[in-house]
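Coordinate-derived values only; no laboratory data. Since the model is a prediction, treat every value here as computed from it, not as a measurement. Every residue, glycine among them, receives a Cβ derived from its backbone with ideal geometry; neighbour counts consider all protein chains shown.
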Amino acid sequence: MSTTAERNRRLLVRRRPVGLPVTEDFELVEVPIPKPHDRAILVRNHFCSLDPAIRGWLEDVPSYMPPIALNDPVRAITVGRVVTSRHPDFQTGDWVVGLNAIEDYSIAAPDAFLRIVDPAAVPSVTLYLSALGAVGVTAYFGVMEVCRPRPGETILINGAAGAVGSIVGQIARLKGCRTIGIAGGSVKCRRLTERYGFDAAIDYRGKSPSALSAALAAAAPEGVDIVFENVGGLLLDTALMHLKLHARVALCGLISEYNSTTGPVGARNLWQLIVKRATIQGLFTGDFLDRFAEAQTALAAWLDKGLLVVDEHIEEGIENAVPAFLRLFAGTNDGKLILRIA
Ligand SMILES: NC(=O)c1ccc[n+]([C@@H]2O[C@H](COP(=O)([O-])OP(=O)(O)OC[C@H]3O[C@@H](n4cnc5c(N)ncnc54)[C@H](OP(=O)(O)O)[C@@H]3O)[C@@H](O)[C@H]2O)c1
């Protein structure tokens, strides 16, 4: 497969989505390949990471970084190869990961995100977008710094079969926790126990709130010490009703609310934090950018020893970026969702 393109295809944001994004919110355009300015590099993007965070960046609301401006390309983490370098720290041919965009070519200048990576050190360079990328680092520091598990504790993970959740469960297990995962569908639940080693799995789909609560009570009769929250809404509310005394809730994401047209759903059972003297703490990968290497070393060692398994779901072609991205909200991604661009 050719890795060069004559022109630069870019996926632009044409309007702010209302609810679930639709194709018309975006436009794939072709423009000339840009030239890097002084102290910048031109990167040929090979793969980009399709993350739920992109949905947040499409909203014009205060966040940890500015929204994507209308008519700008969709921001995304990419892994690619330096085509032209005008920076002394980067050579033509280097592989880099950076916060770029869904486009064939990006101009990148050194910042907190841009890193040279070694494709020879991994079975696939996509690993720098999954286990050894932001996803793995989020899971690692989410467990180690926010959840702070102690052996014998029980952790509940909502969104457990996804990219972050599946790694969280495996790390927590390595740290001696009993792991309970909630995911959508029997196939994903089987994967939780048979592939990722969860002690118990609960399928939330088609369950009434009381049935979900009963399933959780059966899996954790004494409650849970830790909740790793990726979903929000009913799943978070249910989890809050099953906390043990002094439980910790790590708030990583609220994906069930990202396409809400009626505003945030909110947690209705926060009073349980009082009852259980529990804490809830937000988690943000960006806080750990200068500690990426620490997480990567631990994650790589677990991968090498076969103690950590990671699944990647790779979709093909920039022209399929929008339907591929929407898989995150339909739950039809089986592992870290990645788009092959080159
Ligand atoms: N705080 C941070 O720094 C940070 C960093 C990375 C990711 N995150 C967050 O972590 C979470 C997981 O991200 P990921 O990249 O690992 O994605 P992922 O879990 O691989 O994919 C998203 C999954 O979310 C589930 N989902 C989607 N809509 C849902 C709904 N309405 N109700 C229940 N489940 C729903 C689906 O799984 P099912 O089939 O099981 O429903 C889907 O497969 C997201 O909330 C994301 O925003 C936060």
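Data for the structure
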quantity	calculated
Packing-based order for 40-50, 181-191, using average beta carbon neighbours within 10 Å, highest first	40-50, 181-191
Using θ = phi - 60° and Karplus 6.51 cos²θ - 1.76 cosθ + 1.60, couplings along the stretch 237-254 (whole Hz; Gly, Pro as x)	4, 5, 4, 4, 7, 10, 6, 8, 4, 6, 5, 10, 10, 9, 9, 9, x, 9
For the stretch 118-176 versus the stretch 248-266, the gap between their alpha-carbon centres in whole angstrom	21 Å
For Ala201, distant residues with modelled amide H under 5 Å away	Gly181
Segments 261-268, 198-205 sorted - mean Cβ within 10 Å per residue, highest first	198-205, 261-268
Ranked packing of 92-105, 22-35, most packed first, by mean Cβ within 10 Å	92-105, 22-35
Crossing angle, helix 321-330 versus the chain [Cα axis fit, 0-90 degrees, rounded to tens]	0 degrees
The stretch 134-286: C-alpha gyration tensor shape, a/c 1.5 cut-off, then a/b vs b/c	rounded
Rough spin-label spacing in nm, given labels placed 7 Å along Cα→Cβ, for Ala109 and Leu270	4.0 nm
Two-site label geometry, Lys35 and Asp72: point separation in nm, points 7 Å out along Cα→Cβ	2.5 nm
Degrees separating the helix 292-304 axis from the principal Cα axis of the chain, which is the longest one	70 degrees
Compactness of the chain - radius of gyration and Dmax, Cα, Å	20.3, 62
Separation in nanometres of the label points that stand 7 Å from Cα toward Cβ, at Asp118 and Glu27	4.5 nm
Computed lengthening from Leu20 to Asn259, 0.36 nm per intervening residue step minus Cα-Cα distance	85.5 nm
Pairwise centroid distance, computed over Cα atoms, of the stretch 286-324 with the stretch 192-215, Å	25 Å
